[in-house]
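To start, the structure under review is shown below, and the notes come after it.
The values are calculated or read from the model by the stated rules, or taken from the named source; none is laboratory data. Model, not experiment: these values are computed from the prediction. FYI the Cβ positions are ideal-geometry reconstructions off the backbone, even for glycines, and counts take in every protein chain you see. Accessible surface is based on the protein model in full, side chains and every heavy atom, while ligands, DNA and RNA are left aside. Shrake-Rupley method; radii C 1.70, N 1.55, O 1.52, S 1.80 Å.
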There are 2 protein chains.
Amino acid sequence: MSDVIAQIAGLLLQARRSLLIGHMDPDGDVIGAVLGLREALRRLGKEAVPALPDRPPSKYAFLPGFAELTTAPAGSFDLFVSLDSSDTARLEPIYSTVIAPAGRPVINIDHHVTNVMFGTLNWVDPKAASTSEMIISLVDALDVPMEREIALPLLTGIVMDTRGFRTSNTTSDTLRAASRLMDAGASLGEVMERALNSRPYAMLCLWGKMLSTVRLEGRIAWAVLTPAMQAECGNPEEGDGGFINLLVSLQEADVGLLFYDKGDHAVEVGFRAKPGIDISGVAFALGGGGHPQAAGCTVEGSLEEVRARVLDMVRRAIDGQRALYR
Amino acid sequence: MSDVIAQIAGLLLQARRSLLIGHMDPDGDVIGAVLGLREALRRLGKEAVPALPDRPPSKYAFLPGFAELTTAPAGSFDLFVSLDSSDTARLEPIYSTVIAPAGRPVINIDHHVTNVMFGTLNWVDPKAASTSEMIISLVDALDVPMEREIALPLLTGIVMDTRGFRTSNTTSDTLRAASRLMDAGASLGEVMERALNSRPYAMLCLWGKMLSTVRLEGRIAWAVLTPAMQAECGNPEEGDGGFINLLVSLQEADVGLLFYDKGDHAVEVGFRAKPGIDISGVAFALGGGGHPQAAGCTVEGSLEEVRARVLDMVRRAIDGQRALYR
């Protein structure tokens, strides 16, 4: 593993102008990895443009370099670094318009087990709890001292992808990595308050509406979200505001599902599972991806159709699986 | 500080039979500290009885020694160790019936800044995020190797008193302490799932009812809970199930208040504040206690009277105070 990190560091040091790109619908981990690596490269005097296919949520505006994030990277690049993206579809439209035509090396850094190894060089570590945690090793390989401006985005990525150290892939190494970033000047309290533990008042309205849709069927708790519900609550940012995690936290449930019925005969489905239960196969079979305990996909059909189909698939998938802690 | 720890270790090693006692309305930290210290003393062949004034929540039944916790300690003791309790009132009725009459030394180990130093020997460290974190140093002073059965309750205490490393007093040392406990065999995932991230389906019903009472007045978000609401939802364990933390997580709020109207002309008030805001003075002035960002008290009066009085006091208290992250 350290070989590929050294190779990646070598390519980054040789590059004249690189593009650091993360996945669409950006979350804290991809934003943290892009901004943390960008800041480390800046310390070396290297030009690295941070880009995302979609605008990032405004709550991450406290991160150094946030204002530099672009959805339309301009100019030419001699190196591309994809961060936290399992395939090139999640880099669109930037992949087709900027990356593929350039014909330059693509470094693929990710921790998703569903990564399809699309890079010229692939560093994929499913044991890492976040891509941001992996970037710490890369910063070390680049021989850049860890400082607050690098540490704050990386700590944000670790916190957000582990939901505040709650996911089952959080190891003692994850905690030590976080404590090292804190010692470098990143405030865990600031990250928790600004990124994880922060929701608009309007989100309570939306939670109330989602609460009224919750059903518990066997070991599956599910709820529905619609654009109409969002509009009635003033369209708060960030979808369900973590409501799906509440579903899977229920003692009676092994799986939490959120159906986001967009109304155009397509339903986005969010999956969460307790440790010991793996629902990533269902999401993958439906054209999506993710981790054993957190995944997502979009399914064509009416809410009724999609719900029946997904519930049936999940029921079959978890038959014989047992949660670790019951 | 290490002097007092060595003295406490010395007293524990000399004692023939000690009582380890925590505060009423027990939470994860007091349960973790009592059970972790008890397990360490067992390794030394010392008899130590773990006691609490009230029955602990059943979700902590996975902790080693949980079944030994008693609300009615019998026999004689030559040493008393109070854990996580700021005063003797929170040890009642055991303090008056068992501890005071014995006339033996009382060791007071706590991390609450409001501790009134009631012990023969007082070890109070307000910088510690939890009493359980302090017990790690005591286990070391006792020269007992850290093992899973000691580490699991202590990790539970750390996680619960920091709300999963979310409170602003969580330091890099807290994370290192937790990683050390994980290396000793305690599963953070198990603690998160069983203790922190676990609620009965019935709690969703209660959250729905509390949601309908939420009001945002200036920088204060408040809600009401009543025994009638609890009964309508099947009386789920553990009060509000963490709903008050949702209130203070709102971007518009600096303070979250939960009024538990018990209906007997007394209202329990829970206080939460964002980092930078200190509401412990209000709780203390009303006869309660706690930390700058988390406190509680019980106030005589009707819901209307108590709410008006507390809101007014909080408004005055936070006037001029600013949240660190806005």
Classify the range A:2-196: rounded, prolate or oblate, from the alpha-carbon gyration tensor (a ≥ b ≥ c, eigenvalue square roots; a/c under 1.5 rounded; otherwise prolate if a/b is larger than b/c)? rounded
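Size of the dipole of the range A:201-318 about the Cα centre, Lys and Arg at +1 and Asp and Glu at -1 on the beta carbon, nothing else charged, in debye to 20?
Working: 10 positive and 15 negative charges, 73 e Å.
I would put it at about 360 debye.
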When only C-alpha pairs under 8 Å and at least 6 residues apart count, what is the relative contact order of the range A:264-314, in percent? 39
Using DSSP, restrict attention to beta bridges with both residues in the protein assembly as shown and report what percent are antiparallel, rounded to the nearest 5. 45
So which helices of chain A fit the span-like rule, where a helix is a whole DSSP H run, its Cα atoms reach 20 Å or more along the axis, and its mean Kyte-Doolittle is at least 0.0? A:28-43, A:303-318
FRET efficiency for A:Arg148 and A:Gln321, using Cβ-Cβ distance with R0 set to 45 Å, rounded to 0.05: 0.60
What trypsin sites (Lys or Arg not before Pro) does the range B:36-145 have in DSSP loop regions with at most 15 other beta carbons within 10 Å? B:Lys127
Determine the distance separating the Cα centre of the range B:134-184 from the Cα centre of the range B:204-220; give it in Å without decimals. 34
I need the calculated FRET efficiency for the pair B:Asp78 and B:Asp25, taking r as the beta carbon distance and R₀ as 30 Å, to the nearest 0.05. 0.60
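Tell me the carbon and sulfur percent of the accessible area for chain B, rounded to whole percent, probe radius 1.4 Å. Intermediate results must be reported in sequence, preceding the final value.
Values: 5890 of 12040 Å².
Ligands and nucleic acids excluded, carbon and sulfur reach 49 percent.
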Hey, for A:Leu216 with labels 7 Å out along Cα-Cβ, what do the inter-copy distances come to in nm, ordered shortest first? 3.1
Per-residue accessible area, 1.4 Å probe, largest first, puts A:Asp78, B:Asp183 in the order B:Asp183, A:Asp78
B:Ser96 and A:Val4 label points (each 7 Å along its Cα→Cβ direction) are spaced in nm at 6.7
For the range A:172-326 the mean separation of alpha carbon contacts under 8 Å (6+ apart) over residue count, i.e. relative contact order in percent, is 16
Between the range B:249-326 and the range A:256-326, how many Å separate their Cα centres? 41
Shortest first, in nm, what separates the label point of B:Asp143 from those of the same position in the other copies (7 Å along Cα→Cβ)? 4.7
Could you provide, to the nearest whole Å², the per residue accessible area of the protein assembly as shown with probe 1.4 Å? 37
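Using only DSSP helix segments of four residues or longer, with each worth -39500 (n - 2.57), what per-residue ellipticity at 222 nm results for chain B after dividing by its residue count and rounding to 500?
Taking each H run of at least 4 residues, the total per residue is -10500 deg cm²/dmol.
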Isolated Cys in chain A, by beta carbon distance under 4.7 Å: A:Cys297
Among A:Gly296, B:Asn122, B:Ala6, whose Cα lies farthest out toward the positive end of the dipole of the protein assembly as shown, if unit charges sit on the beta carbon of Lys, Arg (+1) and Asp, Glu (-1)? B:Ala6
Between B:Leu258, B:Leu20, B:Leu311, find the one with the highest GNM mean-square fluctuation for chain B; connect C-alpha pairs within less than 10 Å. B:Leu311
Would any residue of the range A:156-193 have its amide N under 19 Å from a label point 7 Å out along Cα→Cβ of A:Glu68? List them or say none. A:156-157, A:186
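Suppose every Lys and Arg Cβ carries +1 and every Asp and Glu Cβ carries -1, with no other charges. What dipole size does the range A:2-196 come out with about its Cα centre, to the nearest 20 debye?
In total the dipole reaches around 220 debye.
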Set B:Lys209/B:Lys274; A:Lys59/A:Lys262; B:Lys59/B:Lys127; B:Lys127/B:Lys262; B:Lys59/B:Lys209 screened for pairs whose C-alpha atoms are more than 32 Å apart: B:Lys127/B:Lys262
Residues whose built amide H sits under 5 Å from the amide H of A:Gly290, excluding neighbours closer than 5 in sequence, are A:Thr114
Just the number, please: buried accessible area between B and A, total of both chains, 1.4 angstrom probe, nearest 100 square angstrom. 4200
So what is the relative contact order for chain A, in percent, with contacts set as C-alpha pairs under 8 Å and at least six apart? 13
Taking r as the C-beta separation of A:Glu232 and A:Arg309 and R0 as 41 Å, the FRET efficiency to the nearest 0.05 is 0.90
